[in-house]
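Structure record follows, encoded as structure tokens.
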Amino acid sequence: MPTNFLFDGHDTASVTILLAHGAGAPMDSPSMTATAKALAEAGFQVARFEFHYMAARRYGHRKPPPRAETVNPEYLKAIADLRARGVSGPLIIGGKSMGGRVASMVADEMFAKGEISGLICLGYPFHPPAKPEQLRTKHLAGLKTPTLIFQGTRDEFGTKDEVATYDLSGAIEVVWLEDGDHDLKPRKSISGFSTADHLKTLAETVKGWAGRIAS
């Protein structure tokens, strides 16, 4: 069964970004939609897709999120299906939270084959909330794919102080968004930043980075 995509931006864009959702919210959640539109406004074509368990919820099947590594084949299929639709040119993969984590687990295989140019993670789940000892970082130490991780400084899945102690590959750049939570949303009354401010920073950062890695 072909992967169902949501597209933003123009199909003539020089770079396409493929994004998967987080564990608990679908591909058309407000956070995912706002991020996709910000990236599209920066000149990218953005494709979103859902893992099978999330797609099944649209038909009343309440399936819990599976272990992240078990959906790696679904991410690989989404890449293949996107190409089969005629999407050519440089491709960056990634996603929100679990979606970004899954993308990070298939990235080096795809990068080595020349299938992708980079990886972006939106709120990487470095560990479950309140369980900093349960790290999900082992594969990140040797990652070869050029990677951007956008993390809010209030993200309970990995704080700035915690992440500073992790063994992360030199291919990874972590971009900290002041006062952002796991959805990268700040409290404007406290930080002075709005969600729109952070999305603009995110999109502009990805645009400059993509210009270097996908040219």
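The values are calculated or read from the model by the stated rules, or taken from the named source; none is laboratory data. The structure displayed is predicted, hence computed values, not measured ones. Heads up, the Cβs are rebuilt from the backbone with ideal geometry, glycines too, and the neighbour counts pull from every protein chain shown. Side chains included, ligands, DNA and RNA excluded: accessible areas come from the protein's heavy atoms. Shrake-Rupley method; radii C 1.70, N 1.55, O 1.52, S 1.80 Å.
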Given region 3-110 reduced to its alpha-carbon atoms as identical point scatterers, what log10 I(q)/I(0) does the Debye formula return at q = 0.09, 0.11, 0.14, 0.22 Å⁻¹?
-> -0.20, -0.31, -0.50, -1.23
Residues of the chain: accessible area per residue with a 1.4 Å probe, Å² | 47 Å²
Given region 110-170, what whole percent of its Cα pairs are spread farther than 15 Å?
-> 52 percent
Unit charges on C-beta of K, R, D, E only; dipole of the chain, Debye = 480 debye
Over the chain, what percent of the accessible surface lies on carbon and sulfur atoms, probe 1.4 Å?
-> 53 percent
Where the Cα atoms of region 124-215 are projected onto their three principal axes, how long is each span, largest first, in whole Å?
-> 40, 39, 16
Rounded to a whole number of µm²/s, how large is the Stokes-Einstein D of the chain at 4 °C and 1.567 mPa s, given Rh as the Kirkwood radius over C-alpha pairs?
-> 75 µm²/s
Within the chain, what percent of beta bridges assigned by DSSP are antiparallel, to the nearest 5?
-> 10 percent
Taking max minus min of the Cα coordinates of region 31-75 on each principal axis, largest first, gives extents in Å of 35, 23, 13
From phi via Karplus (6.51, -1.76, 1.60), per-residue ³J(HN,Hα) for region 61-69 in Hz, x at Gly/Pro = 8, 8, 9, x, x, x, 4, 3, 5
Subtract the Cα-Cα distance of K131 and L76 from 0.36 nm times their separation in residues, and report this length gain in nm to one decimal.
-> 16.9 nm
Which of G95, G86, G180 moves the most in a Gaussian network model of the chain with Cα springs under 10 Å?
-> G86
So what is the calculated 222 nm ellipticity per residue for the chain, using -39500 (n - 2.57) for each DSSP H run with n of 4 or more, over all residues, to the nearest 500 deg cm²/dmol?
-> -10000 deg cm²/dmol
Three-way shape label, region 56-182, alpha-carbon gyration tensor, a/c 1.5 = oblate
Gap separating the Cα centres of region 2-22 and region 40-85, nearest whole Å | 11 Å
For L18, distant residues with modelled amide H under 5 Å away | A47, I92, I93, G94
Find which of L148, G43, T201 sits farthest along the positive direction of the dipole of the chain, computed with +1 on the beta-carbon of Lys and Arg, -1 on that of Asp and Glu, about the Cα centre.
-> G43
